[in-house]
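The structure appears below as structure tokens.
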Amino acid sequence: MILGLFGAPKADMVGTEQMSADPWALLPAASTNAQAIDTLYVFITALCGISMLGVVGAQVYFMWKYKKPANGHRKTSPITHNGRLEFIWSAIPALFMIVLFAWGEIGFVEQFSPPPDAINVRVTGQKWDWTVEYPDYPGAVLSSSSAVPTEEQQKQLQAAGEWGEDIIDRKPTLIVPTGVPVRLTLTSKDVIHSFYIPVFRLKRDAVPGRYTTYWFEATQEGEFPLFCAEYCGDEHSSMIGYVKVVSAEQFEVELKEATKLEQKDAESLADFGKRVFDRGGCKTCHNIDNDEAKTGPSLKGIWGRSEQLTDGSTITADDNYIRESVLDPNAKIVSGFSPQMPSFAGRFNDEHITALIEYLKTLK
Ligand code: CUA
């Protein structure tokens, strides 16, 4: 709403799309929980408005009624107190406080008590992407990292004149069905992140070393933005994606489609490898076009390079080393780095890894 006052965002601006062209439009309430929260919110706002009118109204009335008379004198009233009046103005607000507490508490408990038939979804935050896994659907893994290129990558793409909508591999970060409860279990690999889906009124911290849960039931089909709402480092703002809400019948089809990663007809192995690389979110931690190290070493010229490991030995980056680094990343750590890479075992199969190796060979 506030942003709207400063004009519509530029067309080439990166980030999630505007949900409505109308700057005064309210956020859609796309889950049962969102509707419940909005009802309570409207109630509290109305209560505050009515209370304000009562207090300010009485204040203005008394200012007028007891204003200093023209002759400059008025005797103070001898009344000390009024028991009945004082009881009423204490009891009524107290009653409202109890209502607000009970309403809020019931809603709060509800939010943390998922129904037993809920779909399980695991959400893991890591600098700077979200990984979403569906334990009930083997192999179904989504990630936010392919949603938007990092700021640095955008600059490079802009400089090369390649920047445009089609450059973004807009895969959903989360796919959920309508009318079916979904239970999220959140955690983080490094720092505190916060999983935030405004249309569901859902904001939950993802904390390293512990699991937090939340559940919701989507009511409206569509694509809605999701964010990280906890400042987690310099690319915090790229930790965004979108949730795709589809009908219950369409859910499994969409999930399969979104997580499919196969070589296309006439696609070279290296090109397929690049898609594997993008899907894995590898670019979050590895530079590919300069020698600068990020969380992990640069992969520019990795093929055939000699690497000094933390144990002092030296290794040549060949097929087997790359394969091991993908499946068991902590087996051999390059000197100067810490074991932070997650294993891709179960996410990447042999074809994926072979393609990835071919792609890495092209990074010279
Ligand atoms: Cu993760 Cu901000």
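The values are calculated or read from the model by the stated rules, or taken from the named source; none is laboratory data. It should be emphasised that the depicted structure is a prediction, and the values quoted were computed from it without experimental measurement. Here the Cβ is made from the backbone with ideal geometry for all residues, glycine too, and neighbour counts use every protein chain on show. The area values use the complete protein model at the heavy-atom level, side chains included, leaving out ligands, DNA and RNA. Shrake-Rupley method; radii C 1.70, N 1.55, O 1.52, S 1.80 Å.
Summarised as an ellipsoid, the stretch 244-364 has semi-axes of 30, 16, 13 Å, derived from the eigenvalues of the Cα gyration tensor scaled by 5 and square-rooted, with the largest first.
Normalised by the number of residues in the stretch 157-305, the average gap of Cα pairs under 8 Å and 6 or more apart makes the relative contact order 20 percent. For the chain, averaging the sequence separation of C-alpha pairs within contact (under 8 Å, six or more residues apart) and dividing by the residue count gives a relative contact order of 15 percent.
Using just the helices of the chain, give the 222 nm mean residue ellipticity in deg cm²/dmol: DSSP H runs with n ≥ 4 each add -39,500 (n - 2.57), and the total is spread over all residues, rounded to 500.
Theoretical 222 nm ellipticity from helices: -11000 deg cm²/dmol.
Segment N120..L53, full-extension length gain: 19.4 nm, with 0.36 nm per residue of separation and the alpha-carbon distance subtracted. In the chain, once you exclude exposed chymotrypsin sites (Phe, Trp or Tyr not before Pro) (DSSP loop, at most 14 other Cβ within 10 angstrom), what's the longest stretch remaining? Counting only loop sites that pass the neighbour cut-off, the longest clear stretch is 232-364.
Note on the chain: GNM, Cα springs under 10 Å; of G280, G161, G179, the largest mean-square fluctuation is that of G161. Rolling a 1.4 angstrom probe over the chain with all protein chains present gives an accessible area of which 58% lies on carbon and sulfur atoms. Spacing of the modelled spin labels on D318 and D271, each 7 Å from Cα toward Cβ, amounts to 3.0 nm. Comparing L327, L85, L100 in a Gaussian network model of the chain where C-alpha atoms under 10 Å apart are linked, the largest mean-square fluctuation is found at L85. Per-residue extension of 0.36 nm, minus the Cα-Cα distance of N71 and L327, leaves a gain of 82.9 nm for this segment.
The E221 and S343 beta-carbon pair, evaluated with R₀ = 45 Å, returns a calculated FRET efficiency of approximately 0.80. Using the Cβ-Cβ distance between F62 and Q35 with R0 set to 30 Å, the FRET efficiency from 1/(1 + (r/R0)^6) comes to roughly 0.15. List the DSSP H helices in the chain whose Cα atoms stretch 30 Å or more along the helix axis and whose mean Kyte-Doolittle hydropathy is at least 1.6. Span-like helices, by this rule, are absent here.
Across all Cα atoms of the chain, the radius of gyration (one decimal) and Dmax (whole number) stand at 28.2, 101 Å. Averaging Cα coordinates gives a centre for the stretch 299-344 and one for the stretch 233-249; these two points are 31 Å apart. Averaged over its residues, the stretch 119-259 has an accessible area of 43 Å² per residue, based on protein heavy atoms and a 1.4 Å probe.
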